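> If you scroll down you'll find the structure; I have some questions about it.
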Amino acid sequence: MRVFVFVLVMSLFCCSCDADVGLSSQARTQVDIVTWNVQTFFDATTEGTEYSDFKNHKYWNEKKYIERLNRLCLVLKTLNADVYVLQEIENESVLIDISNVLAGNAWRAKDNWKFSCFAKEEGSSIGCAILSKIPLTKVRTHSLDVRNENETQPSLRLMIQASLQVGESELVIFANHWKSKSGDAEKSKVWRNWQESLLAYSLMNIEPVERVGVVACGDFNRDVTEFLIDNNQDGNILLRCVENGENKTVRVFSPWLDKNGEIAYEIGSYYFRENWNRIDNFFFYGDVKVLDFEPVSMEPWATPNKTPIPYRTYTGEGFSDHLPLKCSVLFNKKSVKL
């Protein structure tokens, strides 16, 4: 029997500002969300857990960090979402720097991204972050402790769960970054299966689902076609989990797929070996309506052919090897029981 354990509030950082909330006083329930793997976004301070390119002071220093930070914030301002779910952020200091650059040292402005949270496993290089104009509540993290496989569990990034509070309305967000396929994609598949199980189990335990809007997003390192597709009016993806030895599924909706379960977009979010991959995703669950969705392939962070422009430490040029995904949603006006 497979058993997994949840560990809450590990290496968790949250911050907010005492300025006026802004969106919380508005009666609307439409929110724009962007999820983006920003590709190994390290600061200029060496802690020892950085990737090798970022320990080489010939290629990486404070000047290059500031240049890259300003470039990232240019993209975020251009997209102008209410909420950003970012993957591959080194630490909370980077998140604070992003917030400050976006604010332009004018924290009284109502449209600033004042609310944030960050989490990563102790000793790991990178983690996930949420940056929001809307107050974040009920923030927690989920992790896995798997001890019945034929190998020791590798480091697996924490999944963040947080709620957006807009007036009396609430939207639950799960921020994900699943195990990479690098090295041996088939061998690492078992750990992505466990992370899928963790997400599915977490969705199953939200009550009452018929009155709750939920968005699970991030870099799943699993193409949308690698999930179990079962297209009907209530959703097109079945997320699988094992609970007390019993196989269960949770039906969610992915906007990558059309009504027939086929890919609905010419481009993807990640371009590898001259092929598009759709490993970044939004999964919608419960009382939430998708108004719009797109992989945003604008210049200067994408080529004229719409492929992402990766960041290269040796040139100091580029943005990320992933495209940002943007969606607009409408969600419920009830509070969620957790």
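The values are calculated or read from the model by the stated rules, or taken from the named source; none is laboratory data. Computed from a prediction, not measured in an experiment: that's the story for all the values here. For neighbour counting, all protein chains shown are included, and Cβ atoms are generated from backbone atoms with ideal geometry for every residue, glycine included. Note: areas computed on protein heavy atoms with side chains; ligands, DNA, RNA excluded. Shrake-Rupley method; radii C 1.70, N 1.55, O 1.52, S 1.80 Å.
> What's the total number of residues in the range 284-336 that are surrounded by 16 or more Cβ atoms within 10 Å (Cβ to Cβ), closer than 18 Å to residue 166 by Cα and not hydrophobic (A, V, I, L, M, F, W, C)?
Qualifying residue count for the region: 4.
> Return the total of residues in the range 224-257 being in contact with a Leu (Cβ under 7 Å, 6 or more places away or on another chain) and of a type in the set (Asp, Glu).
Matching residues across the range 224-257 total 1.
> For the range 242-263, state whether one or more residues are under 23 Å from residue 164 (Cα atoms), more than 18 Å from the chain's Cα centre (by Cα) and either open to solvent by 10 Å² or more (accessible area, probe 1.4 Å) or basic (Lys, Arg) (or both).
Yes, because at least one residue in the range 242-263 is under 23 Å from residue 164 (Cα atoms), more than 18 Å from the chain's Cα centre (by Cα) and either open to solvent by 10 Å² or more (accessible area, probe 1.4 Å) or basic (Lys, Arg) (or both).
> Next up: Limited to the range 167-189, what total is found for residues that are among the hydrophobic types (A, V, I, L, M, F, W, C) and without any contact (Cβ under 8 Å) to a residue 12 or more places away in the chain?
1
Listed here are the residues, each with its yes/no results for (1) at pLDDT 95 or above; (2) among the β-branched types (Val, Ile, Thr).
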position	(1), (2)
238	yes, no
253	yes, no
263	yes, yes
266	yes, no
273	no, no
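> Return the total of residues in the range 287-332 being part of a loop (DSSP other than H, G, I, E, B), more than 30 Å from residue 61 (Cβ to Cβ) and of a type in the set (S, T, N, Q).
Number satisfying all stated conditions: 3.
> I've got another one for you. Mind listing just one residue for me: the one in the range 167-187 that is open to solvent by 10 Å² or more (accessible area, probe 1.4 Å), of a type outside the set (Gly, Ala, Ser) and touching a Ser or Thr at 6+ places or on another chain (Cβ under 9 Å) and, of those, farthest from residue 125 (Cα to Cα)?
Ranking the candidates gives 168 first.
> OK, next. Residue 221 passes all but one of (1) within 25 Å of residue 130 (Cα to Cα); (2) assigned to a strand (DSSP E or B); (3) of a type outside the set (Asp, Glu); which number fails?
Residue 221 satisfies all of (1) within 25 Å of residue 130 (Cα to Cα); (2) assigned to a strand (DSSP E or B); (3) of a type outside the set (Asp, Glu) except (2).
> Another one. Scanning the range 93-120 for residues that are over 16 Å from the mean Cα position of the chain (by Cα) and of a type in the set (Phe, Trp, Tyr), which turns out modelled with the lowest pLDDT?
Ranking the qualifying residues of the range 93-120, first place goes to 107.
> Go through the range 121-142 residue by residue and tally those that are within 19 Å of residue 202 (Cα to Cα), open to solvent by less than 10 Å² (accessible area, probe 1.4 Å) and at pLDDT below 95.
Residues flagged as within 19 Å of residue 202 (Cα to Cα), open to solvent by less than 10 Å² (accessible area, probe 1.4 Å) and at pLDDT below 95 within the range 121-142 amount to 0.
> List, please: which pairs have Cβ atoms under 9 Å, are six or more places apart or on different chains, and start with a residue in the range 38-59 that is within 14 Å of residue 124 (Cβ to Cβ) and end with one that is open to solvent by 80 Å² or more (accessible area, probe 1.4 Å) and assigned to a loop (DSSP other than H, G, I, E, B)?
40/51; 42/51; 48/55
> Return yes or no: is residue 88 in contact with a His (Cβ under 9 Å, 6 or more places away or on another chain), in contact (Cβ under 8 Å) with a residue 60 or more places away in the chain and crowded, with 20+ Cβ neighbours inside 10 Å?
Judged against the criteria, residue 88 is a match.
> A follow-up question, please. Could you give me the residue pairs with C-beta distances under 6 Å whose first residue belongs to the range 121-148 and is more than 21 Å from residue 46 (Cβ to Cβ) and touching a residue at least 60 places away in the same chain (Cβ under 8 Å), whose second residue is assigned to a strand (DSSP E or B) and of a type in the set (S, T, N, Q) wherever it lies, and which are 6+ apart or on separate chains?
From residues that are more than 21 Å from residue 46 (Cβ to Cβ) and touching a residue at least 60 places away in the same chain (Cβ under 8 Å), the pairs are 128/87; 135/165; 138/163; 140/161.
> Could you tell me which numbered condition residue 217 fails, if it satisfies all but one of (1) closer than 22 Å to residue 75 by Cα; (2) open to solvent by 10 Å² or more (accessible area, probe 1.4 Å); (3) of a type in the set (A, V, I, L, M, F, W, C)?
(2) is the only condition that residue 217 fails.
> Scan the range 91-103 and report the pairs whose first residue is more than 10 Å from residue 129 (Cα to Cα) and whose second residue is open to solvent by 20 Å² or more (accessible area, probe 1.4 Å) and charged (D, E, K, R), with Cβ atoms within less than 7 Å and a gap of 6+ or a chain change.
From residues that are more than 10 Å from residue 129 (Cα to Cα), the pairs are 102/77.
> Evaluate the range 61-76: report whether one residue or more is without any contact (Cβ under 8 Å) to a residue 60 or more places away in the chain and either buried (at least 20 other Cβ atoms within 10 Å of the Cβ) or in contact with a His (Cβ under 9 Å, 6 or more places away or on another chain) (or both).
Scanning the range 61-76, I find at least one residue that is without any contact (Cβ under 8 Å) to a residue 60 or more places away in the chain and either buried (at least 20 other Cβ atoms within 10 Å of the Cβ) or in contact with a His (Cβ under 9 Å, 6 or more places away or on another chain) (or both), so the answer is yes.
> Residue check: is residue 190 open to solvent by less than 50 Å² (accessible area, probe 1.4 Å), out of contact with any His (no Cβ under 8 Å at 6 or more places or on another chain) and outside any strand (DSSP E or B)?
So residue 190 fits the description; yes.
> Does residue 117 satisfy the condition of being touching a Cys at 6+ places or on another chain (Cβ under 6 Å), closer than 22 Å to residue 45 by Cβ and not aromatic (Phe, Trp, Tyr)?
Yes: the conditions hold for residue 117.
> While we're on this one: Report, by residue number, each residue of the range 258-281 that is over 21 Å from residue 221 (Cβ atoms) and among the charged types (D, E, K, R).
If the condition is that a residue be over 21 Å from residue 221 (Cβ atoms) and among the charged types (D, E, K, R), then 258, 259, 262, 266 are the ones that fit.
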